[in-house]
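Encoded as structure tokens, the structure appears first; notes follow it.
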Amino acid sequence: MRKFIAKLSLIILTSTVSIFLVYLILLCFSSNLTGLAGEVFYVIEKAEHNSGRPFVILGDSVCNQIWPQDKDSGNFSHLGCNQAITPCGTYLLMKKYLEHNPQTKEVYYMILPQTLGNDLNLNFTYQYFVIPFMNNGNMNLIEAETREMLYQKFGKFFVTNGYVKTFLLNNNIFMRQYLLHVQSKPERKYIRRLSRTAIIYLNKMRELCREHNVKLYVYPLPVKDILENHDLENFKQDVKNNGFEDILGDFIERIVYYPEDWFRDGVHFKKEILEQHREEIIAAVLKSPAM
């Protein structure tokens with residue numbers, strides 16, 4: 001009996017050590033992916049503090065280029081992030097900020113038109129939205145329709161299990177394999193349209209700002225001057241059909257177009273362009289002395 005117990009103990013010990021060694025090896029060949037969502041975790045943490053400023057800017061990665069999230073300016077707190085957090089993530093961020101910043105008078109949502117077409121897209125939603133935002137504190141703030149869409153796209157186990165999300169975020173090998181599987185699925189794209197996610201959370205943003213007696217402005221960011229970026233009739237119809245004339249009524253007319261060679265990837269400005277023209281771009285986006 002003693003021999004059996006000793007043998008069993010040795011097997012358990014050996015197995016435990018082996019598993020631990022495999023885990024260490026995987027860590028050595030993995031890279032911490034928290035950096036990929038670093039700007040998201042940063043603005044979530046920032047939104048929990050009182051900025052002392054009456055105005056706040058939220059938006060996508062181009063917004064973050066123009067108004068860097070780590071450099072507030074004057075009366076404005078900067079919470080620009082990226083498109084992948086979707087309007088749902090922006091709503092959650094906005095709610096958190098307003099709860100901690102009762103002095104806020106105006107909210108500016110600065111985005112590219114295509115940001116309002118993001119419908120929890122397969123490419124980046126898991127890393128940038130599911131992991132940072134889908135937690136117990138936010139779950140009851142997210143509409144059931146949105147949760148179901150996320151479960152269908154990414155699997156309920158991977159959306160709701162915090163241990164799994166943390167493991168994937170910090171282990172590149174497994175995250176890559178999981179994302180390759182997820183991204184192989186077909187999905188509907190909203191090209192120059194309002195996605196269902198945008199419709200739901202623009203409504204919630206509008207209602208949230210009303211509750212806090214705060215003005216909400218939704219402004220477009222500049223795009224490159226090519227023919228397809230002028231084709232926004234469907235977008236305009238979506239605005240009308242969903243009753244967003246009060247916040248998006250002049251959205252299309254406010255779009256500023258710049259030469260294609262001002263952009264490094266067709267979307268983001270080249271560094272040297274921003275260095276030379278940042279104030280000009282800001283003035284053009286706002287078309288107002290508000291800033």
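Name the residue, out of Ile57, Ile226, Ile66, whose mean-square fluctuation peaks in a Gaussian network model built on the chain with Cα pairs under 10 Å.
Ile226
Using only DSSP helix segments of four residues or longer, with each worth -39500 (n - 2.57), what per-residue ellipticity at 222 nm results for the chain after dividing by its residue count and rounding to 500?
Calculated mean residue ellipticity at 222 nm is -14500 deg cm²/dmol.
Which GluC sites (Glu not before Pro) in the stretch 120-209 pass both tests, a DSSP loop state and at most 12 other beta-carbon atoms within 10 Å?
Glu187
With the full set of protein chains in place, find how many percent of the accessible area of the stretch 93-187 is carbon and sulfur; take the probe as 1.4 Å.
Taking all protein chains in place, the stretch 93-187 shows 55 percent carbon and sulfur surface.
Please list, or write none, the aspartates and glutamates whose alpha carbon is within less than 17 Å of the alpha carbon of Lys153, excluding same-chain residues fewer than 8 places away.
Cα-Cα hits under 17 Å: Asp119, Glu143, Glu145, Glu187.
How many Å³ per residue does the convex hull of the Cα positions in the stretch 98-193 occupy?
It comes to 136 Å³ per residue, whole-number rounded.
Could you pull out every whole DSSP H run in the chain that spans at least 24 Å of Cα extent along its own axis and averages 1.0 or higher on the Kyte-Doolittle scale?
2-28
Which cross-chain or sequence-distant (5 or more) residues have an amide H under 5 Å from the amide H of Phe263, H modelled 1.01 Å from N in plane?
Under 5 Å from the amide H of Phe263 lie the amide H atoms of Lys270, each far enough along the sequence or on another chain.
Fully extended, how many nm does the chain gain between Tyr217 and Glu145 (0.36 nm per residue separation, minus their Cα-Cα distance)?
Here the segment from Tyr217 to Glu145 would lengthen by 23.3 nm.
Report the net charge of residues surrounding Tyr126, where surrounding means a beta-carbon distance below 10 angstrom and charges are Lys +1, Arg +1, Asp -1, Glu -1.
With Lys, Arg at +1 and Asp, Glu at -1, the net is +2.
Among the GluC sites (Glu not before Pro) within the stretch 231-272, which fall in a DSSP loop and have no more than 10 other Cβ atoms within 10 Å of their own Cβ?
Glu253
For the chain, modelled as a GNM with alpha-carbon contacts under 10 angstrom, which of Ser61, Ser184, Ser77 fluctuates the most?
Looking only at Ser61, Ser184, Ser77, the biggest GNM fluctuation is shown by Ser184.
Which value, in Å² and to the nearest 10, is the accessible area of Lys287 when all protein chains are kept and the probe is 1.4 Å?
110 Å²
Is the C-alpha gyration tensor of the stretch 178-291 telling us rounded, prolate or oblate? Criteria: a/c under 1.5 is rounded; beyond that, a/b larger than b/c is prolate, otherwise oblate.
Oblate shape, in that a/c is at least 1.5 and b/c is the bigger or equal ratio.
Note down, for the stretch 113-164, the three equivalent ellipsoid semi-axes (square root of 5 times each alpha carbon gyration tensor eigenvalue), biggest first, whole angstrom.
Working through the eigenvalues yields semi-axes of 18, 12, 11 Å.
If the only charges are +1 at each Lys and Arg Cβ and -1 at each Asp and Glu Cβ, what is the size of the charge dipole of the chain around the Cα centre, to the nearest 20 debye?
Details: 33 positive and 31 negative charges, 304 e Å.
The dipole magnitude comes to about 1460 debye.
At Ser73 and Asn241, where each label point lies 7 Å from the Cα along Cα→Cβ, what is the point-to-point distance in nanometres?
3.7 nm
With springs connecting C-alpha atoms under 10 Å apart, model the chain as a Gaussian network and identify which of Lys165, Lys153, Lys189 has the largest mean-square fluctuation.
Lys189
Between the stretch 219-291 and the stretch 177-192, what's the alpha-carbon centroid distance in Å?
Between the Cα centres of the stretch 219-291 and the stretch 177-192 lies a distance of 26 Å.
For a quick size check, give me the Cα extents of the stretch 47-132 along its three principal axes, largest first, whole Å.
37, 24, 19
For the chain, with the dipole built from +1 on Lys and Arg beta-carbon atoms and -1 on Asp and Glu ones, taken about the Cα centre, which of Val285, Tyr42, Phe235 lies farthest toward the positive end?
Farthest towards the positive pole: Tyr42.
Could you sort out which of Lys215/Lys240; Lys156/Lys240; Lys189/Lys271; Lys165/Lys270; Lys96/Lys215; Lys71/Lys204 sit more than 25 Å apart by Cα distance in this structure?
Numbers: Lys215/Lys240 21 Å; Lys156/Lys240 34 Å; Lys189/Lys271 30 Å; Lys165/Lys270 34 Å; Lys96/Lys215 16 Å; Lys71/Lys204 28 Å.
Result: Lys156/Lys240; Lys189/Lys271; Lys165/Lys270; Lys71/Lys204 exceed 25 Å.
In whole Å, what is the distance between the alpha-carbon centres of the stretch 59-86 and the stretch 112-139?
That distance is 16 Å.
The values are calculated or read from the model by the stated rules, or taken from the named source; none is laboratory data. Since we're looking at a predicted model, the values are computed, not measured. For neighbour counting, all protein chains shown are included, and Cβ atoms are generated from backbone atoms with ideal geometry for every residue, glycine included. Each accessible area value is taken on the protein alone, full model and side chains, heavy atoms only, with ligands, DNA and RNA left out. Shrake-Rupley method; radii C 1.70, N 1.55, O 1.52, S 1.80 Å.
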